[in-house]
Protein chains: 2
Amino acid sequence: MDLSVYMNSVSVDCVVFGFNNGLMKVLLLKMKYTHEWTLPGGFVRKEETVESAATRILKERTGLDNIFLKQFRVFSEPERSKMNPAVSDLVASGANPDLDWFAQRFISIGFYALVDFTKAVPTPDYFSEKAEWRNIDEVDPLIIDHSLILQKALNTLRLQISYQPIGYNLLPDKFTMPELQKLYETILGKKLDRRNFQRRMLSFNILNKLPETKKGGAHKAPFLYEFNLENYKKALENGLGGGW
Amino acid sequence: MDLSVYMNSVSVDCVVFGFNNGLMKVLLLKMKYTHEWTLPGGFVRKEETVESAATRILKERTGLDNIFLKQFRVFSEPERSKMNPAVSDLVASGANPDLDWFAQRFISIGFYALVDFTKAVPTPDYFSEKAEWRNIDEVDPLIIDHSLILQKALNTLRLQISYQPIGYNLLPDKFTMPELQKLYETILGKKLDRRNFQRRMLSFNILNKLPETKKGGAHKAPFLYEFNLENYKKALENGLGGGW
């Protein structure tokens, strides 16, 4: 592994939230020697931006391109890298000669990503023995400050859905109102009132109601919707409800 | 200037928005030799977080403590530092021997801050000949990517006020609804409807209406309000309107 291609001092950590059918998971890696869990992450190449680094790392860990990816916070406690027990275990394992590199102070740029977990192929990196989706409420303690990074990403996502739309790329192209509500309930970890949800969601003007209904259920066939992508993008920029 | 106390590769740039009485300004520094304008900024000490660095830099440039300060984005174009004509001018001036330091790639963490500009004392740094408040719509082109950083900070602030409260520390403890509306109009750069503004603002439940009115105006004395700090803080965390 040639570390000379990377910038010193700067790393990227990615909280990859995976959704499907009312489940919310997070992508974790299990380290080779210490068997501890970690978020996918990596370093920043000398010729790339931090966004390119995060995109590259996610592509390597999931096989996916073009996913919703957002910088959300920088983690810079001076002693954070020293909280990494993996460094001393790497010494013991003899696996890596570049210990000065791993012992330096890293400032980590936190990103979060939203994907359909059925479309991703979890792939371990050089330091890990496996990569897998874990349910969001069944996550073991993570190395360094990764548990904090995960918690902050979740808080950011929950605040974000109060002012920006979500769901594109996470739901089928055509979806029902209950499916959309289920996505919100999954992220928020709580039940929402059906009528209030529908009224509020329709007021944002980001949905097209389709003339079709979803067939095959036991109940009355619910209407199908699709996102109005033009308004959806505007709401991403200006906030739901159009701001002030 | 002892540069050995700082981390390599990481800098902080601060967009300091100053408000008072319907005016919105931004704090800029004018560089000594090139006379170009720049945002206040600096490097990160080896023992401090990026937040501590930004707080320290703002204290040095404004004399103010305890100001609203928020990380909003990382700027990491690989060539961004090379866009700095000040480096070659520093060579010509003979002012600084540490050119390797300034020529290295820096990833800059952008912060924005909100202050009452009448309470700040603009203070130049080692590299600048003066520090001053400029009206937000009368800003000359800035060095490197600082014009972009300013624009992104302004976009973030405008989106933020669609989902989080603002005004604490920028308005007097007791203020009128027209004064609060003026603050929003100043940030947004547009007029708002008086009735809609009042109705929407009251619906957030972050204001206490006081039993007093503001005396001394030519018109009917308007009621005074204060922020309900408990609800204000909740809305900072969960979004205005309490989210979903």
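The values are calculated or read from the model by the stated rules, or taken from the named source; none is laboratory data. Every value quoted in this text rests on a predicted model; they were computed, and no experiment measured them. So basically every Cβ, Gly included, is an ideal-geometry build from the backbone, and we count neighbours across all protein chains shown.
Against the conditions (1) away from every other protein chain (no Cβ under 14 Å); (2) surrounded by 15 or more Cβ atoms within 10 Å (Cβ to Cβ), A:L202 satisfies every one except (2). When A:I161, A:I187, A:I166, A:I143 are checked against the criterion of being away from every other protein chain (no Cβ under 12 Å) and either surrounded by fewer than 19 Cβ atoms within 10 Å (Cβ to Cβ) or in contact (Cβ under 8 Å) with a residue 12 or more places away in the chain (or both), A:I143 stands alone in meeting it.
Of all the strands (runs of 3 or more DSSP E) wholly in the stretch A:1-91, which have at least 3 residues that are touching a Gly at 6+ places or on another chain (Cβ under 8 Å) and away from chain B (no Cβ under 14 Å)?
Numbers: elements: A:6-20, A:23-31, A:41-45, A:68-75.
Correct list: A:23-31.
Checked against the criterion of being of a type outside the set (D, E), more than 14 Å from chain B (Cβ to nearest Cβ) and under 19 Å from A:Q164 (Cβ atoms), the candidates A:L207, A:L180 yield just one match: A:L207. Considering (1) more than 14 Å from chain A (Cβ to nearest Cβ); (2) surrounded by fewer than 16 Cβ atoms within 10 Å (Cβ to Cβ); (3) at pLDDT 90 or above, the lone condition that B:L150 does not fulfil carries the number (2).
Residue count for the stretch A:213-244 satisfying the condition of being within 14 Å of chain B (Cβ to nearest Cβ) and on the phi < 0 side of the Ramachandran plot: 8.
A quick yes/no check of all residues on (1) crowded, with 17+ Cβ neighbours inside 10 Å; (2) closer than 28 Å to B:T118 by Cα; (3) modelled with pLDDT under 90; (4) hydrophobic (A, V, I, L, M, F, W, C):
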residue	(1), (2), (3), (4)
B:H35	no, yes, no, no
B:T38	yes, yes, no, no
B:V50	yes, yes, no, yes
B:T55	yes, yes, no, no
B:E60	no, yes, no, no
B:P85	no, no, yes, no
B:D89	no, no, yes, no
B:A92	no, no, yes, yes
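Under the condition of being surrounded by 15 or more Cβ atoms within 10 Å (Cβ to Cβ) and modelled with pLDDT under 95, the residues counted in the stretch B:205-220 number 2.
The set of residues in the stretch B:101-136 being farther than 16 Å from B:G42 by Cα and either surrounded by 16 or more Cβ atoms within 10 Å (Cβ to Cβ) or without any contact (Cβ under 8 Å) to a residue 40 or more places away in the chain (or both) consists of B:L114, B:V115, B:D116, B:F117, B:A120, B:W133, B:I136.
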